[in-house]
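Below is one structure; the comments refer to it alone.
No value in this document is a laboratory result; all are computed from the given coordinates. Here the structure is a predicted model, which means the values were calculated and not measured. Here the Cβ is made from the backbone with ideal geometry for all residues, glycine too, and neighbour counts use every protein chain on show.
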Amino acid sequence: MRGFVSCGECHHPMTSNFSTGRHGTKFPYYVCRHRGCEKFGKSVARAKVEGAFEELLRQLVPSPELFALISKLFRKRWNEAEAKVKETRTSMKLEVASLEKKIAQFLDRIVESGSATVIGAYERKVEELERSKLVMLQKNRAMRHVCKRL
Ligand SMILES: [Zn+2]
């Protein structure tokens, strides 16, 4: 963790080193090499520094209670979003059905009408309704891809 560990006294990064024991065993340690620091040359065993770091990490991990709370909130939001998509898709289906009904009505009027002008107007109206229906169906399909479970 060289570069990350800083001296408690002067806050400068500490250097790491090994000291050799009597039987050739190596002891890793961190030491402050900042001139003028009160702790200059004083070493701290690596195990002590890293043990303290591990303890710090443990404290950063959310408790099971906090984790449960977060997942509960997430699930709630997810369900709300899911319900909204479902609702939108239902209203889209109703909209498509109503467009189809209108189209059928105009087609009936075209058959009944003798006037070419009126027929032309109805045909344009049918085209317009068909386009709206297509857009609605495409949106519905896109939403189904987003939320396959629905
Ligand atoms: Zn220092």
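Things worth noting here:
- The range 15-59 shape via C-alpha gyration tensor axes, a/c threshold 1.5: oblate
- Neighbour-count order for Thr15, Thr25, Thr90, fewest beta carbons within 10 angstrom listed first: Thr25, Thr90, Thr15
- Environment charge at Lys101 (Cβ cut-off 12 Å; Lys +1, Arg +1, Asp -1, Glu -1): -1
- Residues whose amide H lies under 5 Å from that of Ser113, counting only those 5 or more places away or on a different chain, are absent; hydrogens are built 1.01 Å from N in the peptide plane.
- When the Cα gyration tensor is reduced to axis lengths a ≥ b ≥ c, the ratio a/c is 1.5 or higher for the range 63-116, and with a/b above b/c it is classed as prolate.
- Where N is the number of residues in the chain, Cα Rg divided by 2.2 N^0.38 Å: 2.49
- When the Cα positions of Cys37, Ser132, Gln105 are compared along the charge dipole of the chain, Cys37 comes out farthest toward the positive end, with charges on each C-beta of Lys, Arg, Asp and Glu.
- Taking amide H as placed 1.01 Å from N in the peptide plane, Ser6 has its amide H under 5 Å from the amide H of Met14, each at least 5 places away in sequence or on another chain.
- The charge dipole of the range 1-115, taken about its Cα centre with unit charges on the Cβ of Lys, Arg, Asp and Glu (plus for the first two, minus for the last two), comes to roughly 660 debye.
- In nm, spacing of pseudo-spin labels at Ala83 and Glu50 (7 Å Cα→C-beta vector): 5.1 nm
- Longest DSSP-loop-exposure-free segment, GluC sites (Glu not before Pro), the chain, at most 15 other Cβ within 10 Å: 39-150
- Estimated from helical segments only, the mean residue ellipticity of the chain at 222 nm is -23000 deg cm²/dmol, where each DSSP H run of four or more residues counts as -39500 (n - 2.57).
- Gaussian network model of the chain, springs between alpha carbon atoms under 10 Å - residue of Phe53, Phe67, Phe18 with greatest fluctuation: Phe18
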